[in-house]
1. Among rounded, prolate and oblate, which fits segment 91-231 when a ≥ b ≥ c are the square roots of the eigenvalues of its C-alpha gyration tensor, a/c under 1.5 means rounded, and a/b larger than b/c means prolate?
2. Whenever you get a sec, line up His188, His70 from highest to lowest accessible area (probe 1.4 Å, protein heavy atoms).
3. If each DSSP helix of 4+ residues adds -39,500 (n - 2.57) and the sum is divided by the residues in the chain, what number results at 222 nm, nearest 500 deg cm²/dmol?
4. Can you give me the long-range amide H partners of Ile39? Hydrogens built in the peptide plane at 1.01 Å from N, cutoff under 5 Å, separation of 5 or more residues or another chain.
5. Taking amide H positions as placed in the peptide plane 1.01 Å from N, state which residues far from Leu24 in sequence (5 or more) or on other chains have amide H under 5 Å from it.
6. What list of ³J(HN,Hα) values in whole Hz, one per residue of segment 212-221 in order, does the Karplus curve 6.51 cos²θ - 1.76 cosθ + 1.60 (θ = phi - 60°) give from phi, with Gly and Pro shown as x?
7. Report ³J(HN,Hα) in whole Hz for each residue of segment 200-208, in order, from the Karplus equation J = 6.51 cos²θ - 1.76 cosθ + 1.60 where θ = phi - 60°; Gly and Pro get x.
8. Arrange the residues Thr74, Thr98 by how much accessible surface each exposes, largest first, with a 1.4 angstrom probe.
Amino acid sequence: MTTTRPVIELDRVTKSYPGGVQALRDASLRIWPDELTAIVGPSGSGKSTMLQLMGTLDRPTHGTVRILGHDVATLDDRQLSAVRAAWIGFVFQQFHLTAHLTAVQNVANGLFYHGIPRRTRLRRAAEALDRVGLGHRLSHRPHELSGGERQRVAIARALVARPAIVLADEPTGALDSRSGETVIALLHELHAEGTTITVITHDQGISRSFDRQVEILDGAIRGDSAAESAT
Ligand code: ADP
Ligand code: MG
């Protein structure tokens, strides 16, 4: 038996916001290497809160978050930035690309904190864009790209540092249905090539196309297809 450790582990995590909203309640979840997971639930159910905690963008009120075995509570903000840069790639609904930079420059920025020379950053960025089918759009700025292409640039940026996991929050939420399908197909391809991916979605159709579904409602995990099929 090999002993793999979870990429991300939430252990009885609660998140309360000022004003008394408990956005996440007593949530426990392990994401394993090579999984393609959907976290699915209606608007306001706590999905983005969970992604922020999984991605160490925020800290829990109670409970423990571990990234590759490292307890987030033991790391200061600078160490957490390093953990994120090395291990986690993010994709957001609104792409979060820098408007005045070209596609290849946007992606190369994903390597900014890695101490890699500029030329190498640009080469690896071009390779990542090629991987998402945008090798012919290196010098386009975001406004010269379609929504689906912008999201593929964002996915290339998330992948360029070869993270342990990609976390995507409603990656098709700002796209028409055809572009959305292309983005989901790309995530499936990347997963088939060995990328660990967790996608947050309110879309049951997208969720069903993934290997594992974690259902969240009112801040609590209500179902987990992996747990149900566990032996
Ligand atoms: P989802 O992504 O599933 O739509 P969120 O995690 O964004 O849900 O929000 C869960 C709940 O927490 C909602 O009731 C929301 O209004 C509340 N919430 C989210 N962020 C904050 C915040 N920064 N401050 C206060 N309440 C928040
Ligand atoms: Mg959300």
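The values are calculated or read from the model by the stated rules, or taken from the named source; none is laboratory data. All values derive from a computational prediction rather than experimental measurement. Quick note on the areas: whole protein, heavy atoms, side chains included, nothing else; ligands and nucleic acids left out. Shrake-Rupley method; radii C 1.70, N 1.55, O 1.52, S 1.80 Å.
1. On the way: a/c = 2.25, a/b = 1.72, b/c = 1.31.
Since a/c reaches 1.5 and a/b is larger than b/c, the shape of segment 91-231 is classed as prolate.
2. Values: His188 60, His70 85 Å².
These residues rank, largest area first, as His70, His188.
3. Working: 8 runs with 78 residues, N = 231.
Taking each H run of at least 4 residues, the total per residue is -10000 deg cm²/dmol.
4. Correct list: Val199, Ile200, Thr201, Val214.
5. Lys15
6. Each residue's phi maps through the Karplus curve to give 10, 10, 10, 9, 10, 8, 6, x, 10, 6 Hz.
7. For segment 200-208, the Karplus-derived couplings read 9, 7, 9, 9, 4, x, 4, 4, 5 Hz, x marking Gly and Pro.
8. Ranked from most to least accessible, the order is Thr74, Thr98.
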